[in-house]
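A quick write-up on the structure given underneath.
The values are calculated or read from the model by the stated rules, or taken from the named source; none is laboratory data. Please read all numbers here as calculations on a predicted model, not as lab measurements. We place every Cβ from the backbone using ideal geometry, glycine too, and count neighbours over all the protein chains shown. The protein model used for the area step is the full one, side chains on, heavy atoms only, and it has no ligands, DNA or RNA in it. Shrake-Rupley method; radii C 1.70, N 1.55, O 1.52, S 1.80 Å.
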Amino acid sequence: MPTLLDGRKISSEIKAEIKLKVEKMKAAGQRAPHLAIIIVGDDGASHTYVDGKIKACKAVGFDYTLMQFAPTISEEKLLKHVDQLNADSDIDGFIVQLPLPEHISVEKVTESISPEKDVDGFVNQNFGSITSDSPLLMPATPFGVMELLKRYEIDTKGKNCVIVGASRLVGAPLALMMSHTGHSTVTLCHKYTTDLASHTKKADILVVAVGKPNLITQDMVKEGAVVIDVGTTRVVDATKKSGFKLSGDVDFDNVSKNASFITPVPGGVGPMTIASLMINTLRAAQYNH
Ligand code: NAP
């Protein structure tokens, strides 16, 4: 049986460490770090993610401000709110929860966030500083994956790391981190990759971030591989009160037979993304102070 990479447990450890630092900041007469969250519209999944982020703020002792807007808000108005948060010295960092309604440009909105307040790590400047020696704020989900590997003492140096999914939010920045910080040899696969299995079978460390349940089957994974499943797709499940369950991209039960370490979904990368957001907010506050 593989070792479960327990994101919930590691995330709780990280939050306990942050809580201590916040208590020290307060004891030294500083105010607590302050995170603002903008959410537009009533997408159920987005509200669930935001609830998790607020719960984490409460757990670590951060102040938080939730700004909710109707899906009809104009791009211009939303950009004005972003500008106000950029200028507000009481706000250390903020996020704009994605997705946004179609009439609003995600790129325009995210690029209008000040890099030193961009605690999701989406802004081009923060993406670009992944390979610098002293990055301030790291893209949250890939940073969470790196932290999970580090805390389970998984050696990445010289290993073949295959990442499936090359998005700007997850796969592409993770490829840079695994290569620069992890010193792995990285293969980045995407939807035009031919013969995906020929790549995944070479992975010592396989990370999957696509959003297609059961894309990765047992025959695609070599014996002893470390498997990290970032995918989260809501699939219908009549046995659940909510009517759905979360599914990763990996056929967990069968791939587990080959893996040495594997993340569950839920309870793997998801909580680590929230922990990274807390780390980034603390760093932004320290920078602000
Ligand atoms: P995305 O922007 O849709 O990107 C998906 C990537 O997968 C793209 O690079 C796409 O290739 C690639 N792809 C599509 N079909 C493929 C295939 N058959 N084989 C190989 N690659 C394929 O999604 P995302 O934002 O990166 O998110 C990916 C998944 O992770 C989603 O399920 C999302 O919900 C989840 N997620 C989870 C967390 C968390 O905290 N757990 C955080 C973020 C995202 P192209 O680039 O060629 O289009």
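Below is a table of values for the structure above.
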quantity: Max mean-square fluctuation residue, GNM over the chain, Cα-Cα springs under 10 Å, options 157, 19, 191; calculated: 191
quantity: At 0.692 mPa s and 37 °C, Stokes D of the range 1-147 from Kirkwood alpha-carbon radius, µm² per second; calculated: 197
quantity: Among beta bridges that DSSP assigns inside the range 101-244, antiparallel share in %, nearest 5; calculated: 5
quantity: Rg/Rh ratio calculated on Cα atoms of the chain (Kirkwood radius); calculated: 0.97
quantity: Stretchable slack from residue 66 to residue 19, in nm (0.36 nm times residue separation minus alpha-carbon distance); calculated: 14.9 nm
quantity: Normalised contact order of the range 156-289, rounded percent, pairs of Cα under 8 Å and 6 or more residues apart; calculated: 20
quantity: Residue-wise HN-Hα coupling along the range 174-183, computed from phi with Karplus coefficients 6.51, -1.76, 1.60 (Hz; x: Gly, Pro); calculated: 5, 4, 5, 5, 5, 7, 7, 8, x, 6
quantity: Nearest-0.05 FRET efficiency for residue 185 and residue 242, computed from C-beta distance (R0 35 Å); calculated: 0.30
quantity: Residue-by-residue Karplus 3J(HN,Hα) for the range 86-99, coefficients 6.51, -1.76, 1.60, Hz, glycine and proline x; calculated: 4, 8, 7, 6, 7, 9, 7, x, 8, 10, 10, 5, 9, x
quantity: Of all accessible heavy-atom area on the chain, the percent that carbon and sulfur account for (1.4 Å); calculated: 52
quantity: Mean Cβ count within 10 Å, highest first, over the residues of peptides 107-116, 4-13, 22-31; calculated: 4-13, 107-116, 22-31
quantity: At R0 = 30 Å, FRET efficiency that the Cβ-Cβ distance of residue 234 and residue 75 yields, to 0.05; calculated: 0.65
quantity: Average Cα contact separation per residue, the range 70-214, under 8 Å, 6 or more apart, as relative contact order %; calculated: 18
quantity: Fully extended contour minus Cα-Cα distance, from residue 202 to residue 59, at 0.36 nm per residue; calculated: 47.4 nm
quantity: Per residue, in Å², the accessible surface of the chain once ligands and nucleic acids are set aside, probe 1.4 Å; calculated: 47
quantity: Mean Cα-pair separation over length for the chain, i.e. relative contact order, pairs under 8 Å, 6 or more apart, %; calculated: 22
quantity: Relative compactness, the range 158-259, computed as alpha-carbon Rg over 2.2 N^0.38 Å; calculated: 1.10
quantity: Cut-off under 5 Å, modelled amide H: who pairs with residue 187 long-range; calculated: 161, 162, 163
quantity: Hits among lysines - C-alpha to C-alpha of residue 108 under 25 Å, sequence gap 8 or more where chains match; calculated: 53, 77, 80, 117
quantity: Exceeding the 23 Å Cα-Cα cut-off - candidates 159/222; 159/212; 159/201; 15/150; 55/245; 212/245; calculated: 159/212
quantity: Helical mean residue ellipticity (222 nm; -39500 (n - 2.57) per DSSP H run of 4+; nearest 500) of the chain; calculated: -12000 deg cm²/dmol
quantity: Folded to 0 to 90 degrees: helix 44-60 orientation relative to the chain principal axis, Cα; calculated: 70
